[in-house]
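These notes concern the structure reproduced below.
The values are calculated or read from the model by the stated rules, or taken from the named source; none is laboratory data. Treat the numbers as computed from the prediction; the structure is a model and nothing was measured. Methodologically, a virtual Cβ is constructed for each residue, glycine included, from the backbone with ideal geometry; neighbour enumeration extends over all protein chains shown. Side chains included, ligands, DNA and RNA excluded: accessible areas come from the protein's heavy atoms. Shrake-Rupley method; radii C 1.70, N 1.55, O 1.52, S 1.80 Å.
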Amino acid sequence: MTSIAIIIFSPHKTNFETLIEKINKKYCIKNNYDFFTFNKCPVLMENKSYNWCSYYYVLEVLQKQEKKYNYVLYIDSNCFFCDHNIRIEQWIESDKNIHIGLDTTVKYIFKKNNPTKVKTNTIIFKNSDWTIDFLNFMLTDSIHKPYWNIKNGYETAFRRCLFFNNFNIKENAYFIKNFNF
């Protein structure tokens with residue numbers, strides 16, 4: 001059986017985010033997934049926009065020693081699972097290290113097969129050496145420094161990696177065309 005954890009980073013903890021957290025927790029209980037909510041920006045991340053903390057916590061959960069997860073799904077604190085009967089395993093269709101949805105609101109995405117237009121608000125990370133190295137690269141490599149203090153800089157940095165194929169990300173990513181939760 002695949003072991004999956006779902007994490008949310010929710011630094012503001014608004015009433016809306018509290019409601020979203022309850023919905024996602026209910027989804028996890030129903031589908032036997034572990035659920036983690038993180039609210040604090042770790043000291044190591046203080047020089048970055050708070051959004052970067054999501055990658056930090058994905059890495060932390062992947063590296064937990066007491067429970068090894070096969071996959072960790074990160075979902076933004078303003079996103080929730082609408083259909084609690086659809087399981088995450090349905091989106092894991094390959095042995096790739098990252099499973100990410102294409103942004104279908106970009107009209108030319110399927111014509112040009114442009115993988116830089118992805119939805120970074122929900123990403124499935126496989127527990128592998130490549131994923132751990134990639135997340136460390138994202139969090140620490142100075143190539144991303146221009147994006148550290150931008151509100152959605154983590155998303156820009158991720159898309160930049162796709163554009164330049166940093167870390168051979170294109171070979172390690174599976175692009176989900178029907179990624180509707």
Study note, to complete from the structure: Counting only DSSP beta bridges fully inside the chain, the antiparallel percentage to nearest 5 is 45 percent
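In whole percent, and with a 1.4 Å probe on the protein chains, what portion of the accessible area of the chain is carbon and sulfur? Don't skip to the answer; put the middle values down first.
Details: 4680 of 9330 Å².
The computed percentage sits at 50.
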Practice item. Only Lys, Arg, Asp and Glu count, each charged at its Cβ (+1, +1, -1, -1), so figure out the dipole size of the stretch 1-98 about its Cα centre, rounded to 20 debye. Key: 240 debye
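For the chain, what is the calculated [θ] at 222 nm in deg cm²/dmol (nearest 500), taking -39500 (n - 2.57) for each run of four or more DSSP H residues and dividing by its residue count? Intermediate results must be reported in sequence, preceding the final value.
On the way: 6 runs with 59 residues, N = 181.
Dividing the helical sum by the residues of the chain leaves -9500 deg cm²/dmol.
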**Study point:** Farthest toward positive dipole pole in the chain [+1 Lys/Arg, -1 Asp/Glu at C-beta], among Asn32, Ile123, Tyr71
**Key:** Ile123
Review point. When we measure straight from the Cα of Lys117, which lysines land under 28 angstrom away, once same-chain ones fewer than 8 places off are left out?
Key: Lys48, Lys96, Lys107, Lys126, Lys145, Lys151, Lys170, Lys177
Exercise for review: Over the alpha-carbon set of the chain, work out the extent along each principal axis and list the three values in angstrom, largest first.
Suggested key: 40, 39, 32
**Study point:** DSSP-assigned coil residues among GluC sites (Glu not before Pro) in the stretch 31-85, each with at most 11 further Cβ atoms within 10 Å
**Key:** Glu46, Glu66
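Placing +1 at every Lys and Arg Cβ and -1 at every Asp and Glu Cβ, with all other atoms neutral, what dipole size does the chain have around its Cα centre, in debye to the nearest 20? The partial results should precede the final answer.
Numbers: 24 positive and 17 negative charges, 99 e Å.
So the magnitude is around 480 debye.
Could you give the accessible area per residue of the chain, probe 1.4 Å, as a whole number in Å²?
Working: 9330 Å² over 181 residues.
For the chain, the solvent-accessible area averages 52 Å² per residue.
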Review point. Around Lys126, with a cut-off of 13 angstrom between Cβ atoms, what is the net charge of the other residues, counting Lys and Arg +1 and Asp and Glu -1?
Key: -3
